Protein chains: 2
Amino acid sequence: MNPGDRVRVDREDRTYEGVVLPSSTDDHLVVKLEGGYNVGVDRDEAAVEVLAEDVYEIDGTDSMGADEDDEATSEIEFDEELPTISLISTGGTIASTVDYRTGAVTAQFDAEDVLRAVPDLAGRANYRGRVVANILSENMEPPIWQELAEAVHEEIEAGADGVVVMHGTDTMQYSAAALAFMLETPVPIVFTGSQRSADRPSSDNVMNAVSAVEAAKSDCAEVLVCMHGSESDDVCALHRGTRVRKNHTSRRDAFETVGAEPLGTVDYETEEIEFHRDYQQRGATDLEIEPELEEGVELLKFTPGMDPQFLDVVEGSAGLIIEGTGLGHVHTDLIPRIEELIDDGTTVVMTSQCLEGRVCDRVYDTGRDLLDAGVIEAGDTLPGTAKVKLMWALANSENVEEAMSTSLAGELQERSVPWE
Amino acid sequence: MNPGDRVRVDREDRTYEGVVLPSSTDDHLVVKLEGGYNVGVDRDEAAVEVLAEDVYEIDGTDSMGADEDDEATSEIEFDEELPTISLISTGGTIASTVDYRTGAVTAQFDAEDVLRAVPDLAGRANYRGRVVANILSENMEPPIWQELAEAVHEEIEAGADGVVVMHGTDTMQYSAAALAFMLETPVPIVFTGSQRSADRPSSDNVMNAVSAVEAAKSDCAEVLVCMHGSESDDVCALHRGTRVRKNHTSRRDAFETVGAEPLGTVDYETEEIEFHRDYQQRGATDLEIEPELEEGVELLKFTPGMDPQFLDVVEGSAGLIIEGTGLGHVHTDLIPRIEELIDDGTTVVMTSQCLEGRVCDRVYDTGRDLLDAGVIEAGDTLPGTAKVKLMWALANSENVEEAMSTSLAGELQERSVPWE
């Protein structure tokens with residue numbers, strides 16, 4: 001049989017009808033059912049009969065959204081024994097795949113492409129697919145975080161038992177943090193991506209996608225990042241979305257939890273998931289969304305010799321994150337200008353370019369002067385996460401200073417988070 | 001005997017006369033000789049006679065510069081068997097000490113304070129002291145890097161066998177990088193500092209200062225940073241000045257070599273120095289200084305949602321370091337503006353906020369567009385080091401693009417450095 005053929009699949013307990021997708025291999029078929037579900041079929045465990053050849057034109061660019069209205073002939077929409085995982089695509093290397101007809105790398109990415117690129121996903125879940133964006137992640141912007149949060153919210157409302165978000169690695173940490181602040185979730189929301197494209201022998205796309213789906217089926221109802229946990233193909237690490245950082249430009253295990261061990265790991269061979277720290281359990285909270293953001297928040301990294309005019313750009317902005325030195329310092333000449341900004345209504349929050357450890361502006365004169373000027377300390381919140389959080393807090397929190405000093409989604413490690 | 005007494009010290013092979021300093025303990029005397037040298041005396045190995053009591057008023061703030069014209073009575077200026085180490089102070093926690101008369105923390109730091117605070121330095125070297133600045137290191141500025149380089153140059157010209165620069169930890173990495181580009185040195189130049197002040201039981205000031213002096217006596221003629229190498233008091237790590245980063249706000253072992261092991265270690269107990277990688281040997285190069293800097297260089301960290309107006313501030317600047325995402329990206333909407341800057345004469349250099357790994361703008365479209373716009377890649381040079389290097393290269397290099405793509409002082413690890 002060939003991709004595009006309509007087939008009937010007989011398994012021990014049920015029967016499907018659908019269209020064979022190009023990702024199918026000798027061992028696995030991926031069959032597209034109606035209503036946005038794709039089902040993986042292990043050939044060893046099923047009898048497959050071709051009903052009609054080439055009935056379905058697969059052009060590599062069609063969406064497989066749940067709303068899609070294909071010619072429905074099958075009444076079986078999914079394997080009730082498997083959880084339903086929503087695959088949301090935003091673009092990036094993991095969703096790139098060589099077009100199965102032309103050999104060219106497709107510019108159109110959707111969740112179906114991921115199933116084509118990763119046949120190993122078959123049989124692990126019923127999949128719902130959805131394309132929120134198709135961008136390079138350096139072009140990710142706050143309004144797309146909002147669209148993404150809305151899409152995830154809708155998918156969970158529609159019954160997804162977990163969500164996998166495929167995202168370019170460059171700004172994955174910012175988007176994961178955004179969703180962590182915008183959403184209260186009763187199911188896992190797992191970001192994954194790929195540092196090496198699928199056409200490279202060392203590609204990490206299969207293992208990351210498979211591990212992300214396993215994590216999305218797990219008991220951990222948090223916003224996670226699932227990427228290679230070592231240079232080998234043995235484990236993926238599960239990072240809390242607000243504490244993770246891409247710490248290497250090219251390594252597959254580029255993502256690290258800053259200031260702690262990762263929350264957990266997925267063993268690729270055994271598929272066993274282990275959590276090393278406490279986390280929010282599946283179902284512990286109701287689904288909620290607060291997607292509003294104040295976009296007028298900037299981040300400035302202080303370095304010796306910095307032009308003070310950078311502070312002028314911030315004039316009139318709602319918020320400013322400073323990446324200070326050490327415990328949270330800047331050149332003392334900048335403090336009066338920062339105080340003016342605060343007096344004019346800009347919320348100024350201090351973080352450290354050290355990345356690890358808390359800021360503490362009570363130790364040295366410069367810090368005390370910054371506190372006197374009204375600067376808020378962000379504890380050990382990572383600067384990028386602090387920017388996202390301040391955008392969210394300015395739009396949603398009654399007391400922004402308190403919000404920035406409190407852990408809302410695990411971003412502030414050294415104080416207690418709600419579930420620890 | 002008491003601090004301020006004039007004494008004669010008889011050792012097996014020589015005799016000194018000088019004034020006892022307050023750092024003296026039962027085991028060690030520190031005796032201030034004429035001409036800027038302080039000598040440590042092990043009481044077990046010397047007979048000491050008081051010549052006159054309280055002849056020298058020590059007020060805790062006097063300089064002990066080599067040019068100082070004290071009442072000279074002794075002809076013996078230093079122990080010829082010991083190397084001469086120049087201690088240069090710029091301020092910071094390591095040089096802070098509780099005033100021995102008033103109990104207050106002195107605001108005036110000089111090298112003599114360090115000898116008072118760290119009696120263990122006695123007997124390891126003849127010391128020359130010099131104060132270049134007395135500032136919090138967040139206030140360090142490029143003109144002071146130049147003064148510091150000039151001072152180090154003068155000390156080495158005057159015969160110092162090694163130089164220890166005491167510096168606040170907040171911006172130590174930037175200053176160390178500056179000196180690494182400005183100076184060719186035949187002797188070690190070792191930056192050290194303290195993460196915890198001397199009045200705290202966990203202070204790292206003694207071990208760091210002692211280890212830095214040992215490193216300054218070593219065979220490694222590079223600009224190094226010597227700070228705690230672990231959370232214990234067992235080893236100090238020796239970091240190449242262009243590759244080091246303060247990676248924790250408060251830990252004593254906050255400093256790390258990025259992307260490699262430290263160059264070496266100093267065992268605090270055995271005083272043994274081990275180097276794990278190749279380095280420039282003592283005497284391998286002549287002393288040279290090129291302290292010119294182009295100060296109009298800015299650093300911008302790109303984050304999602306960044307206000308493009310930050311690029312307007314750079315208009316007319318000589319140089320810009322971008323901390324891009326991943327392999328070296330920014331939002332593609334910014335590229336035309338960056339191209340305009342380059343066309344107007346600004347040198348724009350790409351680094352990565354990942355910190356580890358090289359930028360490589362040949363992989364994705366965004367990167368290729370940046371290269372087409374004229375952006376220069378800085379390999380795996382750390383963003384802060386790249387800023388310092390570009391300031392230096394714009395003032396000293398005939399071909400800035402080539403300079404930024406070449407390792408001048410070990411800052412570009414994955415290509416060969418001159419001595420590796």
- Residues satisfying the stated conditions in the range A:382-404, i.e. among the polar types (S, T, N, Q), under 26 Å from A:Gln281 (Cβ atoms) and more than 12 Å from every other protein chain (Cβ to nearest Cβ): A:Asn396, A:Ser397
- In the range B:272-298, anything assigned to a strand (DSSP E or B) and touching a residue at least 12 places away in the same chain (Cβ under 8 Å) is listed as B:Ile273, B:Phe275, B:Gln281, B:Glu288, B:Ile289, B:Val297, B:Glu298
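Sort out which residues of the range A:231-254 are of a type in the set (A, V, I, L, M, F, W, C) and either outside the structural domain of A:Glu214 (by TED's automatic domain parsing) or under 12 Å from the mean Cα position of the chain (by Cα) (or both), and write them in order of number.
Answer for the range A:231-254, where residues must be of a type in the set (A, V, I, L, M, F, W, C) and either outside the structural domain of A:Glu214 (by TED's automatic domain parsing) or under 12 Å from the mean Cα position of the chain (by Cα) (or both): A:Leu238, A:Val244.
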- Message: Residue under question is A:Leu293, and the condition is that it be at pLDDT 95 or above, touching a strand residue (DSSP E or B) at 6+ places or on another chain (Cβ under 8 Å) and surrounded by 24 or more Cβ atoms within 10 Å (Cβ to Cβ); does it hold?
- Response: no
- Task: List every residue pair whose Cβ atoms lie under 7 Å apart, where the two residues are 6 or more positions apart in sequence or sit on different chains, the first residue falls within the range B:301-318 and is on the phi > 0 side of the Ramachandran plot and facing chain A (nearest Cβ under 7 Å), and the second residue, located anywhere, is acidic (Asp, Glu) and part of a loop (DSSP other than H, G, I, E, B).
- Result: B:Gly305/A:Glu141; B:Gly305/A:Glu295
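Mind checking which residues of the range B:236-248 are outside any strand (DSSP E or B) and buried (at least 24 other Cβ atoms within 10 Å of the Cβ)?
Result: B:Gly241, B:Thr242, B:Arg243.
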- Task: Would you kindly identify the strands (runs of 3 or more DSSP E) lying entirely within the range B:5-78 that contain at least 3 residues that are modelled with pLDDT of 60 or more and more than 21 Å from B:Gly129 (Cα to Cα)?
- Result: B:6-11, B:46-52
- Check B:Asp233 against each of (1) buried (at least 23 other Cβ atoms within 10 Å of the Cβ); (2) not in a strand (DSSP E or B) and name the one condition it does not meet. (1)
- Task: Being among the hydroxyl-bearing types (Ser, Thr, Tyr) and more than 20 Å from B:Ile289 (Cβ to Cβ) is the filter; apply it to the range B:158-215 and report the residue that is modelled with the lowest pLDDT.
- Result: B:Ser197
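Take the range A:338-354 and flag every residue that is surrounded by fewer than 21 Cβ atoms within 10 Å (Cβ to Cβ) and either assigned to a loop (DSSP other than H, G, I, E, B) or not β-branched (Val, Ile, Thr) (or both).
Correct list: A:Glu339, A:Glu340, A:Asp343, A:Asp344, A:Gly345.
Does B:Leu327 meet the test of being in a helix (DSSP H, G or I) and under 20 Å from B:Glu402 (Cα atoms)?
Details: in a helix (DSSP H, G or I): no; under 20 Å from B:Glu402 (Cα atoms): yes.
No.
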- Message: Return the residues of the range A:258-271 that are within 17 Å of A:Glu231 (Cβ to Cβ) and part of a strand (DSSP E or B); say none if nothing qualifies.
- Response: A:Thr265, A:Val266, A:Asp267
- Among what's in the range A:307-324 and is of a type outside the set (D, E, K, R) and part of a strand (DSSP E or B), pick the residue that is farthest from the chain's Cα centre (by Cα). A:Gly324
- Item | Qualifying residues in the range B:249-276 (those that are out of contact with any strand residue (DSSP E or B) (no Cβ under 8 Å at 6 or more places or on another chain) and either surrounded by 14 or more Cβ atoms within 10 Å (Cβ to Cβ) or closer than 30 Å to B:Glu147 by Cα (or both)) - the one farthest from the other protein chains (Cβ to nearest Cβ) | B:Ala260
- Message: Test of understanding: among B:Gly379, B:Gly367, B:Gly374, which residue is without any contact (Cβ under 8 Å) to a residue 60 or more places away in the chain, within 14 Å of another protein chain (Cβ to nearest Cβ) and part of a loop (DSSP other than H, G, I, E, B)?
- Response: B:Gly379
- Query: What are the residues in the range A:153-180 that are in contact with a Phe, Trp or Tyr (Cβ under 7 Å, 6 or more places away or on another chain) and either more than 14 Å from chain B (Cβ to nearest Cβ) or surrounded by fewer than 24 Cβ atoms within 10 Å (Cβ to Cβ) (or both), if any?
  - Reply: A:Val165
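The values are calculated or read from the model by the stated rules, or taken from the named source; none is laboratory data. Here the structure is a predicted model, which is why all the values come from computation and not from measurement. Methodologically, a virtual Cβ is constructed for each residue, glycine included, from the backbone with ideal geometry; neighbour enumeration extends over all protein chains shown.
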